[in-house]
Every structure is written in C-alpha cells, then in structure tokens.
1. Contact list please: Cβ distance under 6 Å, first residue in region 252-268 and at positive phi, second residue of a type in the set (Gly, Ala, Ser) and part of a loop (DSSP other than H, G, I, E, B), pairs at least six apart or on different chains.
2. I'd like the residue in region 60-76 that is in a strand (DSSP E or B) and touching an Asp or Glu at 6+ places or on another chain (Cβ under 9 Å) and, out of all such residues, is surrounded by the most Cβ atoms within 10 Å (Cβ to Cβ).
3. For region 237-256, give me each residue that is outside any strand (DSSP E or B), within 18 Å of the chain's Cα centre (by Cα) and not acidic (Asp, Glu).
4. If Asn206 satisfies all but one of (1) of a type outside the set (A, V, I, L, M); (2) in contact with a Pro (Cβ under 6 Å, 6 or more places away or on another chain); (3) in a loop (DSSP other than H, G, I, E, B), what's the number of the condition it fails?
5. From the list Leu122, Leu135, Leu114, pick out the single residue that is surrounded by fewer than 22 Cβ atoms within 10 Å (Cβ to Cβ) and either in contact (Cβ under 8 Å) with a residue 24 or more places away in the chain or touching a His at 6+ places or on another chain (Cβ under 7 Å) (or both).
6. Output yes when any residue across region 40-59 is open to solvent by less than 10 Å² (accessible area, probe 1.4 Å), in contact with a Phe, Trp or Tyr (Cβ under 6 Å, 6 or more places away or on another chain), among the aliphatic types (A, V, I, L, M) and part of a loop (DSSP other than H, G, I, E, B), and no when none is.
7. Does any residue in region 77-89 that is outside any strand (DSSP E or B) come within less than 6 Å, Cβ to Cβ, of a residue that is among the hydroxyl-bearing types (Ser, Thr, Tyr) and crowded, with 21+ Cβ neighbours inside 10 Å six or more places away or on a different chain, and which pairs are these?
Amino acid sequence: MVGDANAGLVLSDTIVLENTVGRLDHMSLDTARRRLFVADVGKASVEVVSLFDPKGITQSLTEGFSEPQGVLFVPEFDRLFVANGGDGSVKVYDGTTLSCVANMSMPATDADNLRYDAAQKLVYVGYGDAAEGGLAAIDPSTDAIKHLVSLPGHSESFSLGQTSIFVNIPDAALVAVVDRASGNVSSTWPTGMATRNYPMALDDENGVVFVGFRQPAQLSVLDMATGAELAVLPIAADTDDIFYDAARRRLYVSCGAGELHVFQQHSRDSYTLTSSIDTRAGARTCLFVADH
C-alpha cells in the first residue's frame, strides 16, 4: 500500500507468498535492492521477497532458525539481523551474499523485536521470559553484544526515544522506561486494567507514546514524560504493530482480526479513525517505510 495525502492508504499491489507455512511475523525492507524480508515462524525461515518480481519470493533462508520472529536490515552495514524466539539467538547475514556471518546467543530465550539506533550505531533486540528479560545492544561493526539492559519480564515492542527507551512488558502489565545514558530502568508505568500490551510507536515531536493493547482491544496515547493517559481509541482484536507517519500525522495499526486502522492525529490528545482496511485473519504485523 502507498500513502496518499487525501485518500489515506491506497492498495498498489498484492504479492502472494505461496510457499509460506503458518504464522508470519515481522518484516524489514532493503530499499536499495527492493527486497522485503519476512519472518516465517511456521516454516522456520526468512522469506526474501523481490519487489521487482510480481511472483514474490526469490529466496528462502532456512539455515538453523528456531522460531524466527524479528528481522532488521541495516543498510549502513549491509547486514540482516534475525531474532529467534525458540533458542534466543540472533543470526547476522551479509546483505550481498545472504550468508550467515555471525550467531549470537542472548542471556535468555524468546529473542523478538529488533530496532536500529542510527545515532549510536547499535542494534537493539528484546528477549526473555515472563520472569526475567532484557534488551541487548549489538555493535553491527563487530557483530558482538556491547551491553545488556535488565528488565522485569519479556520485552515486546520497544521504541527508541531521544533520551529514553520505552519497552512494553505485557507479563508484568507495565511499560518500562530505560534511561539511555545509564542503561537502567528509570521508571515503570503500570497499565492498570488494560493488559497484553504488545505494539508501540513514538511521536517524539509531540511527546507521546502509542501503546496497543489486546485486552481490551485499544490504543492508548500516553504522555512521554509521565505515562499519563491522554486518549484511548478502540481498535480491532489481536494487534501486533503500530507505526506513526510523522509527515502525514497518521497512525497505522495492524490487527490480527483482519483490519488495518488509519487514525488521523489532530493534536497530541485528539485522533479520528479515518479508515479501516480489510486484510485477513491473522495479519497482525505490518511495516511502514517513511521514505519509500
């Protein structure tokens, strides 16, 4: 889909992934080569989809994955990072040859979401179980873990702010705020009656954190400084990804119930649902690329 200034999202093309098995998870884009990387949890593979080819998949990476969940392509280092939920490993692939060049083990299983900090040149990965989790900062120039951040449970989606990292920890029913200077948790925001907080996005300019909940199905808008709730928006069930489109002041929320919501932002505490696009059951994840 492509963004339109007036029409919201417009379907531009459909690619059928015929050889996938079971649940698809997160995605990442290699813009220069027009390749989309898709984590296929059921097939234990990463599908490499050529956006030049209307037939879709051009290669399937299957080398030793264990529930691949998070994928992140970092063009600055020409590296593809794959987080594995089954064994907690992060595998690194050369972007040109797509050969595995490194394999790192996290301190616990369920490695999941990946983010790139362009300013610090670090790749962050969330991992852990219900009792103990964390974030690992990986140096992509050496493919080695640089430091760890301890968290009170498995980290789901997290967002890198200017001075803090905001982390969803659904097992503990809270959002953890990590001070980027010290690497320690500076505060926690209990989520109250809302639970199963999985996706997250930030609007740094307006100082808000967007958190998606599955129970009840809602999108909460939180003050970035205090965690105070500014707005609550109803959404469809089983959400797993949120993206903020700063240029258009929009939110894109994908839900496994088979809907992709588009919210228009009027102010930091005012939003309107402008459209809900039918996808299909189980389509929990999505990817928004601002400059594509």
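1. These pairs meet every condition: Gly258/Ala281.
2. Among residues in region 60-76 that are in a strand (DSSP E or B) and touching an Asp or Glu at 6+ places or on another chain (Cβ under 9 Å), the one surrounded by the most Cβ atoms within 10 Å (Cβ to Cβ) is Pro68.
3. Taking region 237-256 first, the residues outside any strand (DSSP E or B) are 237-238, 246-249, 256.
Among the residues that remain, those that are also within 18 Å of the chain's Cα centre (by Cα) are: 237-238, 246, 256.
Result: Ala237, Ala246, Gly256.
4. Looking at each condition in turn, Asn206 falls short on (2).
5. After ruling out the rest, the residue left standing is Leu122.
6. No, region 40-59 contains no residue that is open to solvent by less than 10 Å² (accessible area, probe 1.4 Å), in contact with a Phe, Trp or Tyr (Cβ under 6 Å, 6 or more places away or on another chain), among the aliphatic types (A, V, I, L, M) and part of a loop (DSSP other than H, G, I, E, B).
7. Gly88/Tyr127
The values are calculated or read from the model by the stated rules, or taken from the named source; none is laboratory data. Nothing here was measured: the structure is a model prediction, and the numbers come from that model. All Cβ positions, even for glycine, are placed from backbone atoms using ideal geometry, and neighbour counts span all protein chains on display. Just the protein is used for accessible areas: all its heavy atoms, side chains included, with ligands, DNA and RNA removed. Shrake-Rupley method; radii C 1.70, N 1.55, O 1.52, S 1.80 Å.
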